[in-house]
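The values are calculated or read from the model by the stated rules, or taken from the named source; none is laboratory data. Because the structure is a prediction, the values reported are computed rather than measured. Here Cβ is always computed from backbone atoms with ideal geometry, including for glycine, and neighbour counts include all displayed protein chains. Side chains included, ligands, DNA and RNA excluded: accessible areas come from the protein's heavy atoms. Shrake-Rupley method; radii C 1.70, N 1.55, O 1.52, S 1.80 Å.
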Amino acid sequence: MSMKISAADMRESDFSGSTFNGAYLEKAVAYKANFPGVDLSDTLTDRMVLNEANLSNAILLRTVLTRSDLGGAIIEGADFSDAVLDLPQKHALCKYVTRVSTRVSLGCGNKRRNAYG
(Lines give C-alpha, C1' and ligand atoms only; values in the text may rest on other atoms or scores of the structure.)
Protein backbone atom coordinates (compact mmCIF):
# COMPACT_ATOMS: atom_id res chain seq x y z
CA MET A 1 0.00 0.00 0.00
CA SER A 2 1.37 3.42 -0.99
CA MET A 3 1.80 6.29 1.42
CA LYS A 4 -0.31 9.34 0.45
CA ILE A 5 0.68 12.74 1.76
CA SER A 6 -1.10 15.75 0.29
CA ALA A 7 -0.34 19.40 1.07
CA ALA A 8 1.70 18.42 4.14
CA ASP A 9 3.99 20.88 5.92
CA MET A 10 7.32 19.05 6.00
CA ARG A 11 9.55 22.13 6.42
CA GLU A 12 12.96 21.50 7.97
CA SER A 13 12.03 17.88 8.79
CA ASP A 14 14.67 15.15 8.86
CA PHE A 15 13.82 12.07 6.82
CA SER A 16 17.28 10.48 6.94
CA GLY A 17 17.02 6.72 6.54
CA SER A 18 13.39 6.87 5.39
CA THR A 19 11.85 5.15 2.40
CA PHE A 20 9.17 6.88 0.38
CA ASN A 21 9.20 4.37 -2.49
CA GLY A 22 5.94 4.68 -4.43
CA ALA A 23 4.53 7.44 -2.21
CA TYR A 24 2.26 10.30 -3.27
CA LEU A 25 3.65 13.61 -2.01
CA GLU A 26 1.48 16.07 -3.89
CA LYS A 27 1.63 19.77 -2.97
CA ALA A 28 3.80 19.02 0.07
CA VAL A 29 6.09 21.78 1.35
CA ALA A 30 9.51 20.39 2.27
CA TYR A 31 11.53 23.61 2.42
CA LYS A 32 15.01 22.87 3.86
CA ALA A 33 13.96 19.27 4.64
CA ASN A 34 16.62 16.57 4.84
CA PHE A 35 16.33 13.56 2.50
CA PRO A 36 19.97 12.37 2.31
CA GLY A 37 20.19 8.90 0.80
CA VAL A 38 16.41 8.51 0.97
CA ASP A 39 14.68 6.22 -1.55
CA LEU A 40 12.09 8.30 -3.41
CA SER A 41 11.83 5.89 -6.36
CA ASP A 42 8.49 5.76 -8.19
CA THR A 43 7.21 8.67 -6.09
CA LEU A 44 4.72 11.24 -7.35
CA THR A 45 5.88 14.65 -6.09
CA ASP A 46 3.69 16.86 -8.24
CA ARG A 47 3.76 20.54 -7.19
CA MET A 48 6.06 19.80 -4.25
CA VAL A 49 8.23 22.56 -2.76
CA LEU A 50 11.76 21.27 -2.22
CA ASN A 51 13.59 24.60 -2.03
CA GLU A 52 16.96 24.22 -0.31
CA ALA A 53 16.12 20.60 0.58
CA ASN A 54 19.00 18.17 1.04
CA LEU A 55 18.58 15.41 -1.56
CA SER A 56 22.23 14.37 -1.55
CA ASN A 57 22.62 10.74 -2.58
CA ALA A 58 18.83 10.33 -2.75
CA ILE A 59 17.38 7.77 -5.15
CA LEU A 60 14.78 9.36 -7.42
CA LEU A 61 14.41 6.61 -10.03
CA ARG A 62 11.24 7.15 -12.09
CA THR A 63 10.11 9.89 -9.70
CA VAL A 64 7.60 12.36 -11.14
CA LEU A 65 8.63 15.90 -10.17
CA THR A 66 6.27 17.87 -12.40
CA ARG A 67 5.62 21.47 -11.38
CA SER A 68 7.86 20.92 -8.34
CA ASP A 69 10.35 23.55 -7.17
CA LEU A 70 13.88 22.37 -6.36
CA GLY A 71 15.46 25.82 -6.23
CA GLY A 72 18.65 25.71 -4.17
CA ALA A 73 18.25 22.00 -3.41
CA ILE A 74 21.40 19.99 -2.64
CA ILE A 75 21.40 17.19 -5.23
CA GLU A 76 25.01 16.01 -5.37
CA GLY A 77 25.09 12.24 -5.78
CA ALA A 78 21.32 12.00 -6.31
CA ASP A 79 20.12 9.57 -8.98
CA PHE A 80 17.42 11.05 -11.24
CA SER A 81 17.44 8.17 -13.76
CA ASP A 82 14.15 8.08 -15.70
CA ALA A 83 12.71 10.81 -13.46
CA VAL A 84 10.19 13.20 -15.00
CA LEU A 85 11.05 16.88 -14.52
CA ASP A 86 9.76 19.99 -16.23
CA LEU A 87 12.33 21.22 -18.76
CA PRO A 88 13.00 24.59 -17.03
CA GLN A 89 13.58 22.78 -13.71
CA LYS A 90 15.96 20.32 -15.35
CA HIS A 91 17.95 23.15 -16.94
CA ALA A 92 18.12 24.99 -13.62
CA LEU A 93 19.46 21.89 -11.83
CA CYS A 94 21.98 21.18 -14.58
CA LYS A 95 23.46 24.67 -14.17
CA TYR A 96 24.88 23.98 -10.73
CA VAL A 97 25.27 20.22 -10.29
CA THR A 98 28.87 19.05 -10.66
CA ARG A 99 28.96 15.33 -9.87
CA VAL A 100 29.12 13.43 -13.16
CA SER A 101 26.76 10.63 -12.07
CA THR A 102 24.07 13.15 -11.12
CA ARG A 103 24.54 15.13 -14.34
CA VAL A 104 24.20 11.94 -16.40
CA SER A 105 21.07 10.78 -14.54
CA LEU A 106 19.48 14.22 -15.09
CA GLY A 107 20.40 14.12 -18.78
CA CYS A 108 22.40 17.37 -18.58
CA GLY A 109 23.83 18.19 -21.98
CA ASN A 110 21.62 15.59 -23.64
CA LYS A 111 20.39 16.98 -26.95
CA ARG A 112 17.43 14.58 -27.05
CA ARG A 113 14.22 16.06 -25.70
CA ASN A 114 10.91 14.59 -24.78
CA ALA A 115 7.73 16.19 -23.50
CA TYR A 116 9.21 16.58 -20.04
CA GLY A 117 12.83 17.39 -20.93
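Full extension of the chain segment joining Ser13 with Glu52 gains 12.8 nm, where the gain is 0.36 nm per residue of separation less the Cα-Cα distance. With respect to the chain, whose longest principal axis is taken over its alpha-carbon atoms, helix 87-96 is tilted by about 80°.
Lysine pair count for the chain with Cα-Cα distance under 24 Å and sequence separation of 8 or more or different chains is 7.
A crude spin-label estimate for the pair Leu87 and Leu61, with each label 7 Å from Cα along the Cβ direction, gives 2.9 nm. Taking all protein chains into account, the per residue accessible area for segment 1-65 stands at 49 Å² (1.4 Å probe).
Here the relative contact order of the chain, from alpha carbon pairs under 8 Å that lie six or more residues apart, stands at 17 percent.
Across all Cα atoms of segment 30-84, the radius of gyration (one decimal) and Dmax (whole number) stand at 9.7, 25 Å. Overall, the chain carries a charge dipole of about 520 debye about its Cα centre when +1 sits on the Cβ of Lys and Arg and -1 on the Cβ of Asp and Glu, all other atoms neutral.
Within the accessible area of the chain, the carbon and sulfur atoms contribute 49%, probe 1.4 Å, all protein chains present.
Helices in the chain, meaning DSSP H runs of at least 4 residues, each add -39500 (n - 2.57). Divided by all residues, the mean residue ellipticity at 222 nm is -4000 deg cm²/dmol.
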